[in-house]
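Read the structure below first, then the notes.
The values are calculated or read from the model by the stated rules, or taken from the named source; none is laboratory data. Because the structure is predicted, anything quoted here is derived from the model rather than measured. Cβ sites come from the backbone with ideal geometry, for glycine too, and all protein chains shown count toward neighbours. For the accessible areas, the whole protein counts, side chains as well, though only heavy atoms, and no ligand, DNA or RNA atoms are used. Shrake-Rupley method; radii C 1.70, N 1.55, O 1.52, S 1.80 Å.
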Amino acid sequence: MSALRVVVVGASGRMGRMLVRAVTESRGATLLGATERPGSEFIGRDAGELAGVETLAVRLVDHVSDCPEADVLIDFTAPSATLKHAEFVAERGMAMVIGTTGFDAGQLQQLRDTLSGSAVVMAANYSVGVNLALSLIERAARVLGDDYDAEIFEAHHKHKVDAPSGTALAMGKSLAAGRGVVLEDVAVLSREGITGARKAGAIGFSVVRGGNIVGEHKAMFIADEERIEINHIASDRMVFARGAVRAAGWLSNQPCGWYDMHDVLGLNS
Ligand code: NAD
């Protein structure tokens, strides 16, 4: 079987470098092209050297149209850049793995329209472990019901500016879905002062910030006699890059369509 031919855009970014590393570490994939935004100081540099792996003889170019023909484009850049890359992908009949976050509703619709004839994976979190944890949480919530008090805990590094994290909220959504309720109706996002006793059916959140914690998330189901915990600890952003490369390999065997990591991992069946 021939290797999957991959282009990584934004290849000098934090995730771009990890993606280049993950592609080179993957036995089934080969890096054919790498880009950066026009004007970047990294144009012309070797993608492998930037990523801290061996020299790959793939130099960063400033237009994706200067990359050789490939099967899939992996994009962790910025919404406006991803929209441009999507036009290129649609023209060339390639597949696309999208990790960029922060699209507004109009941009998301534009992305879907542009890629309506393409095979696409888009996910807010490419960690295989997080996606499995989300699926386990939904299942646990369905089985345990609201006899068990549900709490979600997350911890991140001191530079993180938002709380609770997107992944903690995604866990809350999975938990609520398992119970057949809407998260917004039952979420308790913070507690302070005389809060009163815990309301039955509430999903509580708590948050820690400090040091260089990459990301910890835990869903707890608490009864008087026992406690079930589903815990995920990320120690390196490579988990996202490896998940994205896994998604790219899976996508190469799929018909046109819009997929997420649950499809990639077979968690929807
Ligand atoms: P970053 O700023 O380090 O990297 C983004 C790179 O894209 C930069 O190098 C930038 O120059 C480049 N870029 C911008 N416009 C470009 C263009 N037109 N052509 C080519 N390159 C262009 O950011 P990051 O931390 O690597 O994150 C990138 C995106 O990925 C963000 O949206 C972030 O939220 C998202 N992200 C998603 C996941 C996930 O699992 N889905 C995980 C981590 C980060």
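Residues that are of a type in the set (Asp, Glu) and more than 21 Å from the chain's Cα centre (by Cα) number at least 1 in the following helices (runs of 4 or more DSSP H) confined to region 179-269: 183-186. Count of region 90-128 residues, restricted to those that are within 22 Å of Leu4 (Cβ to Cβ), part of a helix (DSSP H, G or I) and touching a helix residue (DSSP H, G or I) at 6+ places or on another chain (Cβ under 8 Å), is 2.
Checking Gly129, Gly102 one by one, the residue that is within 18 Å of the chain's Cα centre (by Cα), over 18 Å from His217 (Cβ atoms), within 13 Å of the ligand (Cβ to nearest atom) and open to solvent by 20 Å² or more (accessible area, probe 1.4 Å) is Gly102 and no other. Only a single criterion out of (1) more than 23 Å from Ala86 (Cα to Cα); (2) within 15 Å of the ligand (Cβ to nearest atom) is not satisfied by Ala124, namely (1). Taking first residues from region 90-102 that are touching a residue at least 60 places away in the same chain (Cβ under 8 Å) and partners that are near the ligand (Cβ under 6 Å from one of its atoms) and open to solvent by 40 Å² or more (accessible area, probe 1.4 Å), the Cβ contacts under 9 Å between residues at least 6 apart in sequence or on separate chains come to Gly99/Thr77; Gly99/Ala124; Gly99/Phe240; Thr101/Ala124. Of all residues in region 132-162, those satisfying the criterion of being within 16 Å of the ligand (Cβ to nearest atom) and in a loop (DSSP other than H, G, I, E, B) are His157, His159, Lys160, Val161, Asp162. Out of the residues in region 27-70 that are polar (S, T, N, Q) and surrounded by fewer than 19 Cβ atoms within 10 Å (Cβ to Cβ), which is nearest to the chain's Cα centre (by Cα)? Ranking the qualifying residues of region 27-70, first place goes to Thr30. Only one entry of Ala150, Ala133, Ala155, Ala123 meets the criterion of being of a type in the set (A, V, I, L, M) and out of contact with any strand residue (DSSP E or B) (no Cβ under 6 Å at 6 or more places or on another chain), and that entry is Ala123.
Scanning region 3-47 for residues that are away from the ligand (no atom under 16 Å from the Cβ) and in contact with a strand residue (DSSP E or B) (Cβ under 9 Å, 6 or more places away or on another chain) gives Ala3, Leu4, Arg5, Thr24, Ser26, Gly28, Ala29, Thr30.
When Ala241, Ala219 are checked against the criterion of being open to solvent by less than 20 Å² (accessible area, probe 1.4 Å) and in the same structural domain as Ala95 (by TED's automatic domain parsing), a single residue qualifies: Ala241. Taking the numbered list (1) open to solvent by 10 Å² or more (accessible area, probe 1.4 Å); (2) within 20 Å of Tyr126 (Cβ to Cβ) in turn, Thr82 passes all entries but (1). Cβ-Cβ contacts under 6 Å between residues 6 or more apart (or on different chains), taken from a first residue in region 30-48 that is without any contact (Cβ under 8 Å) to a residue 60 or more places away in the chain to a second residue that is of a type in the set (Phe, Trp, Tyr), are listed as Glu36/Phe42.
When you scan region 168-199, how many residues do you find that are touching a residue at least 24 places away in the same chain (Cβ under 8 Å) and open to solvent by less than 30 Å² (accessible area, probe 1.4 Å)? Count: 7. The residues of region 37-87 that are β-branched (Val, Ile, Thr) and either within 14 Å of Gly13 (Cβ to Cβ) or in a strand (DSSP E or B) (or both), listed by number, are Ile43, Val61, Val72, Ile74, Thr77, Thr82.
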